[in-house]
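Here, each number is a calculation from the coordinates, and none is a lab measurement. Values in this document were obtained by computation on a predicted structure and should not be read as measured data. Heads up, the Cβs are rebuilt from the backbone with ideal geometry, glycines too, and the neighbour counts pull from every protein chain shown.
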Amino acid sequence: MESLIIRIDHVGIAVPDLAAAIEFHERVLGLQVLHEETNDEQGVHEAMLGLPGDTVRIQLLAPLTPESAIARFIDRSGPGLQQLAYTVTDVRKAADHFRAQGIRMLYDEPKRGTENSQINFAHPKDCGGVLIELVEPAAAL
């Protein structure tokens, strides 16, 4: 079977204060903000950061409300690594492939992600404790 995964897309980091996290990543690590947006459906204000010429990004995720999934993650685990995301050719096919392997997906249908991508998540209890995000970009790669 041909792989539906193209590359590692990003690593998601839950943060309580987006501005402070951006400042740290720019000042200490030399990363640049590539994109910033608010996703009301996911309950996050987020920023994608990276290095020039690199395709793997760091996603900083700050909660919009105390009830958001990111707020609950921070309450339970503290700030830090929250997910590993892979770029896929077709998020529906990739989710079906995961399901066929006995892996639970968090959504029945894809949701809107960063920059109008289509996303779904594989349950961390079925993936060695790692929340895996499948990302189908809105635009061609």
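Counting only residues 5 or more places away or on other chains, whose amide H sits under 5 Å from the amide H of Ile6 once H atoms are built in the peptide plane?
Thr87, Val88, Thr89
Does segment 1-79 classify as rounded, prolate or oblate by the C-alpha gyration tensor (a ≥ b ≥ c root eigenvalues; a/c under 1.5 gives rounded; else a/b over b/c gives prolate, otherwise oblate)?
Values: a/c = 2.03, a/b = 1.22, b/c = 1.67.
Oblate, because a/c is 1.5 or more while a/b does not exceed b/c.
I need two numbers for the chain: Rg to one decimal and Dmax as a whole number, Cα atoms only, in Å.
For the chain, the Cα radius of gyration and maximum Cα-Cα distance read 14.8, 44 Å.
Counting only GluC sites (Glu not before Pro) that are in a DSSP loop and have at most 12 other C-beta atoms within 10 Å, tell me the longest site-free stretch of the chain.
Numbers: sites that count: Glu2, Glu41, Glu67.
Counting only loop sites that pass the neighbour cut-off, the longest clear stretch is 68-141.
Treating only the Cβ atoms of Lys and Arg (+1) and Asp and Glu (-1) as charged, compute the dipole magnitude of the chain about its Cα centre; round to the nearest 20 debye. Can you show the working numbers first?
On the way: 12 positive and 21 negative charges, 90 e Å.
In total the dipole reaches around 440 debye.
Let me have the 222 nm mean residue ellipticity of the chain computed from DSSP H runs of 4+ only, each contributing -39500 (n - 2.57), with the sum over all residues rounded to the nearest 500. Before the final figure, lay out the partial values.
Numbers: 3 runs with 29 residues, N = 141.
Taken over the chain, the calculation gives -6000 deg cm²/dmol.
Hey, what do the phi angles of segment 21-38 turn into as Karplus ³J(HN,Hα) couplings, whole Hz, using 6.51/-1.76/1.60 and θ = phi - 60°, x for Gly and Pro?
5, 4, 4, 4, 5, 6, 6, 8, 9, x, 6, 10, 6, 9, 6, 9, 7, 10
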